[in-house]
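In what follows, a single structure is set out as structure tokens and then discussed.
The values are calculated or read from the model by the stated rules, or taken from the named source; none is laboratory data. Here the structure is a predicted model, which is why all the values come from computation and not from measurement. Note: ideal-geometry Cβ built from the backbone for every residue, glycine included; neighbour counts use all protein chains shown. We work out accessible area using only protein heavy atoms, side chains counted, and drop any ligands, DNA or RNA first. Shrake-Rupley method; radii C 1.70, N 1.55, O 1.52, S 1.80 Å.
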Amino acid sequence: MIVLHYTGMESAEAALERLCDPEVEVSAHYMIAEDGRIWQMVDEAARAWHAGAGEWRGITDVNSRSIGIELVNRGDHPFAEPQMAALEALMRGIMARWAIAPEDVIGHSDMAPARKCDPGPRFDWARLAREGLALALPEAATSEPDPQAFRTAARGFGFPDVADDLLLKAVRLRFRPWGRGDLAPEDMRLAAAMAQVCSSSL
């Protein structure tokens, strides 16, 4: 898998210092600055400490099955064009080397919604999907809110077994970050689309 993160820090230098501090016990394979500079901190074949506790498609040791990419961003502003271009180029290489499919590119919030919200609502998942670097959901019809059907679809897609509100938050962060309030018909459209993906390819 590839797991995408934001640093949540003010600068690339501050994030780099933290990611290279052995006392902090956190690391990632790569970090990309706003201007497109890329640092490799851990060999791709080695385990980095970027994901922590969580789950994706039943895998609970995500660190051992993933490459972590940190994007320098506080989480409250858009990701810069040079940064996104560098990310796309980096991901193409990683995905080719390790035969990683678009459905195996996830955000930290996808696998750990109780703890994490990165890469956050400003991250452009649709852009990655257009480039074939992340999964795009097919078109589907809306329907009346059905919490159990939503949970079944989201869990089948790969999201972890968490409380309903956290599950809804995680799905929205990935596919509908502007969504607010209770489960809505538009969320059920996402559920139907996730179910379609599960029945066809996952």
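Observations on the model:
- If the condition is being surrounded by fewer than 22 Cβ atoms within 10 Å (Cβ to Cβ) and either in contact with a strand residue (DSSP E or B) (Cβ under 6 Å, 6 or more places away or on another chain) or in contact (Cβ under 8 Å) with a residue 60 or more places away in the chain (or both), then region 31-42 contributes ILE38, TRP39, GLN40.
- Filter result for ALA101 (over 20 Å from ASP187 (Cα atoms) and at pLDDT 95 or above): yes
- Screening the candidates ALA15, ALA28, ALA53, ALA45 for the property of being assigned to a loop (DSSP other than H, G, I, E, B), open to solvent by less than 30 Å² (accessible area, probe 1.4 Å) and not acidic (Asp, Glu) yields one hit, ALA28.
- Listed by first and then second residue, the pairs linking a residue in region 130-150 that is closer than 20 Å to ASP164 by Cβ to a residue that is assigned to a loop (DSSP other than H, G, I, E, B) and modelled with pLDDT under 95, with Cβ atoms under 9 Å apart and 6 or more places separating them unless they lie on different chains, are ALA149/SER143.
- Residue pairs whose Cβ atoms lie under 9 Å apart, sitting 6 or more positions apart in sequence or on different chains, and linking a residue in region 151-168 that is in contact (Cβ under 8 Å) with a residue 24 or more places away in the chain and closer than 14 Å to SER109 by Cβ to a partner that is aromatic (Phe, Trp, Tyr) and open to solvent by less than 40 Å² (accessible area, probe 1.4 Å), are GLY158/TRP56; PHE159/TRP56; PRO160/TRP56; LEU167/PHE150; LEU167/PHE159.
- Complete set of residues in region 182-202 that are open to solvent by 60 Å² or more (accessible area, probe 1.4 Å) and touching a Pro at 6+ places or on another chain (Cβ under 8 Å): ASP182, GLN196
- Per-region count, region 107-127, residues open to solvent by less than 50 Å² (accessible area, probe 1.4 Å) and among the aliphatic types (A, V, I, L, M): 2
- Members of region 78-106 that are of a type in the set (A, V, I, L, M, F, W, C) and either open to solvent by 70 Å² or more (accessible area, probe 1.4 Å) or within 14 Å of SER66 (Cα to Cα) (or both): MET91, ILE94, MET95, ALA96, TRP98, ALA99, ILE100, ALA101, VAL105, ILE106
- Residues being assigned to a loop (DSSP other than H, G, I, E, B), under 14 Å from the mean Cα position of the chain (by Cα) and either within 12 Å of TYR30 (Cβ to Cβ) or among the polar types (S, T, N, Q) (or both) - total across region 60-101: 1
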